[in-house]
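**Student:** This is the structure, below, for whatever I ask next.
The values are calculated or read from the model by the stated rules, or taken from the named source; none is laboratory data. Nothing here was measured: the structure is a model prediction, and the numbers come from that model. Backbone-built Cβ (ideal geometry, glycine too); neighbour counts: all protein chains shown. Protein only, heavy atoms only, side chains kept; ligands, DNA and RNA dropped before computing areas. Shrake-Rupley method; radii C 1.70, N 1.55, O 1.52, S 1.80 Å.
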Amino acid sequence: MFNLHAFHNPNQKFHDYFRCYPISMMAGPSRESLNYGGKIILPPSALDRLSRLNITYPMLFELKNEFSGKITYSGVLEFIAEEGRVYLPNWMLRSLGLGSGELIVIESATLMQGSFLKIQPQSTDFLDISDPKAVLENSLRNFSTLTVDDIFEISYNDHIYAIKVLEVRPESDSHSISVVETDIEVDFAPPVGYVEPTPASSVSAAASRSITPAINTPGAMAATIGYNDMLASASQSSLSSFQGQGQRLSGRSRSVIPSPAHTDAKPATTTAHLQADSPPLPLNLSYGTFFFGFPLIPLPPETDNDDAPEQSEPQLFAGVGQSLRASRKRKESGGQSRRVRQHSADAIEVD
Amino acid sequence: MILRFRGRDGTFRIDLPADATISDVVQQLSLRIPSAQPSTFTFSDAPNRPGQLATEVLSKTVSDLGLKHGDLLFLAYDSAGTGDAATDTPDATNASARPAGPAAVSLSDLDKKLLAIDGRIKRPRDPKFCKHAANGMCEYCSPLEPWDPAYIEEHKIKHLSFHTYLRQLQHQQHSEVGSTVTKFLSQPFYGVKKPCPNKHAPWPNGICSKCQPSAITLQQQQFRMVDHVEFASPSIINRFLDSWRSSGLQRFGYMFGTLKPYTDVPLGIKAVVEVIYEPPQRDESDGLQLTLPWDDEDRINHIASECGLVPLGAIFTDLTDAGNGDGSVICRRHANSYFLSSLEVCFAAEMQRRHRLKIPFAENDEFSSRYVTCVISGNTKGEIEVSAYQASAAAESMLDVDLIEPSTDPGQMLVKLPQSGSDRYVPDIFYRKVNKYGVGEQHSAKPAFPVEYLIVTLSHGFPSEPQPVFSGPGAFPVENRGYIGETADTASVKKAVLNNALNVSSVSDFHLLCYIQSMNILDEEGFKLLVEFATTHEENVGLKLESNASWQTFVMILESS
């Protein structure tokens, strides 16, 4: 059902000024989850006007901070805001550089359907997610648009992950894509603060292995006394706690000898990766035999290094209590507080 | 008629016809006292009086001897099995069976010296509390006993010295050392007492609370038998390490030296190592095996004692190059791994059992040992460092009754559980440890417990001004190092001894002395002179040696070879 007015003005745009507020200031029950999406809450009058305009669906908007000229794009979730107000997710306020109650220009916009997206997690925690594809698919459902240089937030498993958009395709002047009803190829940049660990460590390990074979390979004495077999049997005996055989009611004996896999797949034991927690077995060597090829337990890190991470951790509740009454200890240490005490000794001493 | 016989096993009534002979009496008595030897029966009519040997009057009848119905005779005899001659009275038998009264061992010179020291810790006048004049004394400035608990707490003393411990025990017993010898030291015993004082069948057929060993609670030993190990000169260690440096294989040696008082610790003892003798062994990079039995042991001990040295302990290397190219080594032994592996603790305890300290204050005149075990390994900075340990007296005693065995985990000692058919008794063993909440809690030591409970750490060091007994250049090949091409032969002796005129530095080398002795050219007197010259460094002994006939022969042989 086309509106006659709209039909005459096909390029007419929705354009209005609003005061922006964070989601948390919205009336009604708290809806924290809206912070982790890319949709805004507009007043009902906006819907009224939008419905009379000839705009493309889904409704997408360009949000602009007129003072700084920062622009981002978003979808709309509901039209329940008070008149003149718009509610935005926190990350959006941050990327527009807006505070609560400031003016924002909202225009309707048309964006291309995205085909490619390159994002960069803002912390290495993101690597701990076991299935990032599923997490992203699920949380990007709450978004309609993605704009380059925005740092959006998703919530997963009680943890908030900030993710920056680095690149979108197809490229356009708006540097933004619509992610509704589309398949997008996603590429990841290494998270901020991520250090590539593998090449360096493998080089050093190879170097140490080649120079000091005694650490990682069993020596002649270990072979003589069969130390590796001892340890292997120790760890195996600890692994195979539930040994034994099944019995058949029919009385026929079981044809399969149990656990051939165990004996075949006997691990190639070297002293390097022997478990220190395997139960100790008797080491009965003849008197006068010494053996030093025990698994090497690396030195604990030095105590100086221990202090550093503690300091870097944020100190919660790190303030100092203040007492109106000058305590006895402080009285002794500082001359000034002692003078205070002399002035009004009786009044202060009473607890 | 009835005759009564009173002996040490009780009174026996024997019913006899009037015309019975003494042989009948002996026959009946031997049935009643199966433990007695019938040939040693003696009768007397009063106790403590030498009696009549029964075998001499076998054919006589009872009435011939004038015995009447109801007479009481005193009987003495030897038990079957003892080969002693017949004794007259039961009392005399008992008296002779008692062990000899005086102590069999005497104190060593070192112990005598330390017992003579007052040993109390002198304190200056306390400016805070002392109210008296400068030459007065009060409770705040009187000397402290060396074992004073507050002093130990204040100075963080981990182990008392042995003589401090002796005095503490003495104090507890209120007895005086030197005047009366009391046996207040006792090596713990963890086995079943045999025979049991309750007179039941011996273990494993019976056990009771009297013969059963009580539960063992392991704790760190309060004292140490030796406080400090001093290497008379750094070159001793250097020379020992040379074998590892040139081969990369570990090395073992026996340390010989002297025990001396150590003044840095109250009543302390230090072991001054003068030489490391390397016995025959098969070395590997990750272990070593001594070639046992060591045939030369007695010969080397004899030469050492001629030099005035005693066996002090064992030393071995556990070194692995870290591969940094700067001579640093891997640190295997640290607080998170182990200091002395369970295998080495058992070795140390066994060596200590073979070198017991003879001291008259101990039951059986033996107590623990002053034998030390040194490890050369990498410290936390990757430097080569010596550390010295002893196994505790508890470790020796546990090894005595075969309670422990080493395990594949070096930090854990296994409790050897009894197998069926063996008559070992394993008591309950516990150890106490402070948990993460700072509360001491008791753990069962079965199946394994940390070896730290069985070792005692000693300090070690080098003197600031080395005055080693053997001051030679140390160029003579060390024995049993054939595998790295170091072999002693006549040529090397010739090179060492005849380099120039005979002087101390050329012969003052234990390894050289041992080799010369094995050549069997010098006679006893010549060798004694050589040893004296090498150890005392006195010129007139050297002159005597030069004029000794067998030495001249020896030199002649060397020159002509």
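**Student:** For segment B:313-394, what Kirkwood radius comes out of the mean inverse Cα-Cα distance, in Å?
**Tutor:** One decimal place: 14.1 Å for the Kirkwood radius.
**Student:** Please work out the average accessible area per residue across chain B, using the 1.4 Å probe convention, and give it in Å².
**Tutor:** Here the residues of chain B average 49 Å² of exposed surface.
**Student:** Something else: What is the distance in Å between the Cα centres of segment B:248-303 and segment B:341-370?
**Tutor:** Each part reduced to its Cα centre gives a spacing of 16 Å.
**Student:** I'm checking a number: the convex hull volume of the Cα atoms of segment A:111-195, normalised per residue, in Å³. What is it?
**Tutor:** Hull volume normalised by residue count: 86 Å³.
**Student:** Let me ask another. Which cross-chain or sequence-distant (5 or more) residues have an amide H under 5 Å from the amide H of residue B:257, H modelled 1.01 Å from N in plane?
**Tutor:** Counting only residues 5 or more places away or on other chains, the set is B:274, B:310, B:312.
**Student:** Peptide B:312-323: average number of partner chain Cβ atoms within 10 Å per residue?
**Tutor:** 3
**Student:** Let me ask something else about it. Radius of gyration and Dmax for segment A:28-177's Cα atoms, expressed in Å?
**Tutor:** Cα only, segment A:28-177: 15.4, 48 Å (Rg, Dmax).
**Student:** Please state the relative contact order of chain B as a whole percent: Cα pairs under 8 Å, 6+ residues apart?
**Tutor:** Taking the mean separation of contacting Cα pairs over the length of chain B, I get 11 percent.
**Student:** Here's a follow-up. How much of the pair distance distribution for segment B:34-76 lies past 14 Å, counting alpha-carbon pairs only, in percent?
**Tutor:** Counting every Cα pair in segment B:34-76, those more than 14 Å apart make up 53 percent.
**Student:** Okay, next question. Could you bin all the Cα-Cα distances of segment B:482-560 into 5 Å bins starting at 0 and give me the percent of pairs in each, rounded to whole numbers?
**Tutor:** Per 5 Å bin, starting at zero, the Cα-Cα P(r) for segment B:482-560 comes out as 3, 15, 29, 30, 15, 5, 3, 1 percent.
**Student:** In addition: When the Karplus curve 6.51 cos²θ - 1.76 cosθ + 1.60 is applied with θ = phi - 60°, which whole-Hz ³J(HN,Hα) does each residue of segment A:38-45 get, with x for Gly and Pro?
**Tutor:** With coefficients 6.51, -1.76 and 1.60, one gets x, 10, 10, 10, 10, x, x, 5 Hz.
**Student:** Moving on. Express as a percent, rounded to the nearest 5, the fraction of DSSP beta bridges in segment B:214-286 (both residues included) that run antiparallel.
**Tutor:** So the antiparallel bridges in segment B:214-286 amount to around 70 percent.
**Student:** Additional query: Just by accessible area at a 1.4 angstrom probe, what is the order of B:363, B:396 from largest to smallest?
**Tutor:** Solvent-accessible surface, decreasing: B:363, B:396.
**Student:** Distance from the Cα centre of segment B:307-321 to that of segment B:127-156, in angstrom?
**Tutor:** Answer, in whole Å: 41.
**Student:** Continuing with this model, one more query. Cross-link candidates for residue B:199: which aspartates and glutamates have Cα within less than 19 Å, leaving aside residues fewer than 8 places away along the same chain?
**Tutor:** B:9, B:423
**Student:** Considering only DSSP beta bridges with both partners in segment A:1-110, what is the antiparallel share in %, to the nearest 5?
**Tutor:** The antiparallel fraction comes to roughly 70 percent.
**Student:** Please turn the phi angles of segment A:182-191 into ³J(HN,Hα) values with the Karplus equation 6.51 cos²θ - 1.76 cosθ + 1.60 (θ = phi - 60°), one per residue in order, whole Hz, x for glycine and proline.
**Tutor:** My calculation for segment A:182-191 gives 8, 9, 10, 7, 10, 10, 10, 8, x, x Hz in order.
**Student:** Karplus couplings for segment B:311-320 from phi (6.51 cos²θ - 1.76 cosθ + 1.60, θ = phi - 60°), rounded to Hz, Gly and Pro as x?
**Tutor:** x, 9, x, 10, 9, 8, 9, 9, 10, 9
**Student:** For segment B:237-291, give the percent of accessible area contributed by carbon and sulfur heavy atoms, probe 1.4 Å, rounded to a whole number.
**Tutor:** 48 percent
**Student:** Now for a different question. Can you list the residues, at least 5 places off or on another chain, whose amide H is less than 5 Å from the amide H of residue B:430, using H built in the peptide plane?
**Tutor:** So residue B:430 has HN proximity to B:216, B:217, B:218, B:445.
**Student:** How do A:41-47, A:177-183 rank on mean C-beta neighbours within 10 Å, highest first?
**Tutor:** Ranked by mean Cβ neighbours within 10 Å, highest first: A:41-47, A:177-183.
**Student:** Here's a follow-up. Name the long-range amide H neighbours of residue B:7: under 5 Å, sequence gap of 5 or more, or other chain; modelled H, no Pro or chain starts.
**Tutor:** B:12, B:75
**Student:** Continuing with the same structure: Please report how far the C-alpha centroid of segment B:451-468 lies from that of segment A:17-69, rounded to the nearest whole angstrom.
**Tutor:** Centre-to-centre distance over Cα atoms comes out at 79 Å.
**Student:** I would also like to ask the following. Going through the cross-link list B:358/B:495; B:193/B:436; B:270/B:433, which pairs have a Cα-Cα distance over 32 Å in this structure?
**Tutor:** Pairs exceeding 32 Å: B:358/B:495; B:193/B:436.
**Student:** Same structure, new question: At 7 Å along Cα-to-Cβ for each site, give me the label-to-label distance between residue A:187 and residue B:435 in nm.
**Tutor:** 5.7 nm
**Student:** Something else about it: With every protein chain present, what accessible area does residue A:320 have (1.4 Å probe, heavy atoms only), rounded to the nearest 10 Å²?
**Tutor:** Taking all protein chains as shown, residue A:320 has close to 120 Å².
**Student:** Then there's this: Summing both sides, how much accessible area is buried between A and B? Use a 1.4 Å probe and give Å² to the nearest 100.
**Tutor:** Chain pair A/B: roughly 3200 Å² of buried accessible area.
**Student:** Also, quick follow-up: Across the residues of B:286-296, average count of Cβ atoms on other protein chains within 10 Å?
**Tutor:** 5
**Student:** Need one number: % antiparallel among DSSP beta bridges in segment B:316-435, to the nearest 5.
**Tutor:** Roughly 80 percent of the DSSP beta bridges within segment B:316-435 come out antiparallel.
**Student:** Can you report the principal axis dimensions of segment A:1-110 using only the alpha carbons, biggest first, rounded to whole angstrom?
**Tutor:** 39, 32, 21
**Student:** May I pose another question? For a bin width of 20 Å, list the pair-distance distribution of chain B built from all Cα-Cα distances, rounded to whole %.
**Tutor:** In order of increasing distance, the bins hold 16, 37, 28, 15, 3, 0 percent.
**Student:** Okay, moving on. Within 10 Å of each Cβ in peptide B:402-410, how many partner chain Cβ atoms are there on average? Round it to a whole number, please.
**Tutor:** Partner-chain Cβ atoms within 10 Å, mean over residues of B:402-410: 6.
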